[in-house]
Amino acid sequence: MTDKPEKPGRDDDAMKLADLARGLPRTDLDPATAERIASLARRDVGLGPPKRRTIEAVLVAMLVLATLGWVTVKICEMLGH
Amino acid sequence: MEALSPESDWVAGLRRGEPGAFDAVFAAYRRRIYGYLVRMTRRRDVAEDLLQETFLRLAQHAKRLAGDTKLGAWLFTVAHRLVQSWGRAQAVRAALAGDLPAHEPAGSERSPLEALADTQTQLALERAFAALAPAYREVALLVGIEGLQPVEVAEILGIRPDAVRQRLARARAQLAEHLGDHR
């Protein structure tokens, strides 16, 4: 005889929390705010991430590389003395 | 042949860049994501901003979604990361200001969430959830309210399922302690 397989689903803690959570008041956005957010995001569907984000990443990378280069040069100068 | 769920239709629509698919996803998930965000940040204005950012990211990633994407898990993962970033920024601001973190309710005034409570029991429950440490509150919300499985929550939070179960047990114990006579 084989052991009964463990019942897939929620354990005791999860069920107790679900019982408690049922007593919480419902939260929702007001319809005007929901529509504003939806229409703002809807315009971007399928457009990909904004170019600004890519440009920011490139600028940060350049800044980091320049700083590292400067630090390396300074260390080399100090070791040269 | 197995019928496609609306979710797979929505993902296919998003991958084709259809605004109608986006609207369907927004209608299906906005309340759930907002509920999570507002109970994690304890602020309506912040929750609205983060909700907007979550759905903007969905729109911007629409064409790159995998065909088998689980939208709920995807959205909660983005929302979780946004909450984490916001929490870090709050902590830095608080440290610079030499103040306590601003996202925890202060004093005995009712928070906007508590104002929704119709009964003393609801109020006590809302306060008990608010009093949980964010890591425990998050797991309690995702499992207790959203009905997600610990394995799904583990993927969303980037932790092990065992850690989720541990946090669940602690959240439950702390809630029981806070609720006392209200249970």
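With n ≥ 4 as the cut-off for DSSP H runs, can you work out [θ] at 222 nm for the protein assembly as shown, using -39500 (n - 2.57) per run divided by the number of residues, rounded to the nearest 500? Working shown, then result.
Values: 12 runs with 180 residues, N = 264.
It lands at -22500 deg cm²/dmol.
Which angle from 0 to 90°, rounded to the nearest 10, does the C-alpha axis of helix B:71-97 make with the longest principal axis of chain B? Helix B:71-97 sits at roughly 40 degrees to that axis. Straightening the chain between B:D162 and B:V92 buys 22.2 nm, computed as 0.36 nm per residue apart minus the Cα-Cα spacing. Buried surface between chains B and A: roughly 3600 Å² of accessible area, summed over both sides, computed with a 1.4 Å probe on protein heavy atoms only.
Quickly rank A:39-46, B:21-28, A:70-77 as a protection proxy: mean count of other C-beta atoms within 10 Å, highest first. Intermediate values should be presented prior to the final figure.
Values: A:39-46: 17.5, B:21-28: 19.2, A:70-77: 9.8.
The packing order, highest mean first, is B:21-28, A:39-46, A:70-77.
Accessible area of B:Y136 (1.4 Å probe, protein heavy atoms only, ligands and nucleic acids ignored): about 40 Å². Net charge dipole, chain A: roughly 380 debye, given to the nearest 20, about the Cα centre with Cβ charges of +1 for Lys and Arg and -1 for Asp and Glu. With the convex hull of the Cα atoms taken as the outline of the protein assembly as shown, the averaged projected area works out to 23.2 nm².
Just to confirm the number: angle between the C-alpha axis of helix B:120-131 and the first principal axis of chain B, 0 to 90 degrees, nearest 10? Its long axis makes an angle of about 80 degrees. The protection proxy used here, the mean number of other Cβ atoms lying within 10 Å of each residue, ranks peptides B:62-70, B:89-97 as follows, highest first: B:62-70, B:89-97. The ratio of the alpha-carbon radius of gyration of segment B:11-75 to the globular-protein estimate 2.2 N^0.38 Å is 1.12.
Given charges of +1 on the Cβ of Lys and Arg and -1 on the Cβ of Asp and Glu, with all other atoms neutral, how large is the dipole of the protein assembly as shown about its Cα centre, in debye to the nearest 20?
Values: 38 positive and 35 negative charges, 108 e Å.
Charge dipole, the protein assembly as shown, about its Cα centre: 520 debye, nearest 20.
Take the Cα of B:A135, step 7 Å toward its Cβ, do the same at A:D11, and the gap between the two points is 1.7 nm. Highest-first packing order for the peptide set B:149-159, B:41-51 is B:41-51, B:149-159, based on the mean count of other beta carbon atoms within 10 Å.
From other protein chains only, count the Cβ atoms within 10 Å of every residue's Cβ in B:127-139, then give the mean.
Details: counts 0, 2, 4, 0, 0, 0, 0, 0, 0, 0, 0, 0, 3.
Shielding by partners across B:127-139 averages 1.
Couplings 3J(HN,Hα) of segment B:163-170, computed from phi: 5, 5, 5, 5, 5, 4, 4, 5 Hz, in residue order, whole Hz [Karplus 6.51 cos²θ - 1.76 cosθ + 1.60, θ = phi - 60°; x for Gly and Pro]. Extension gain for B:V151 to B:D9 (0.36 nm times residue separation, less C-alpha to C-alpha distance): 48.7 nm. Rg over Rh for chain A works out to 1.38, using Cα positions for both radii and the Kirkwood form for Rh. Working note: Cα gyration tensor of chain B, eigenvalues times five, square-rooted, sorted largest first, giving semi-axes of 31, 19, 16 Å. Placing +1 on the Cβ of every Lys and Arg and -1 on the Cβ of every Asp and Glu, with no other charges, gives chain B a dipole of roughly 380 debye about its Cα centre.
The values are calculated or read from the model by the stated rules, or taken from the named source; none is laboratory data. Quantities reported herein were computed from a predicted structural model and do not represent experimental measurements. Positions of Cβ are generated from backbone atoms using ideal geometry, with glycine treated the same way; all protein chains shown enter the neighbour counts. These accessible areas exclude ligands, DNA and RNA; they are computed on the full protein's heavy atoms, side chains included. Shrake-Rupley method; radii C 1.70, N 1.55, O 1.52, S 1.80 Å.
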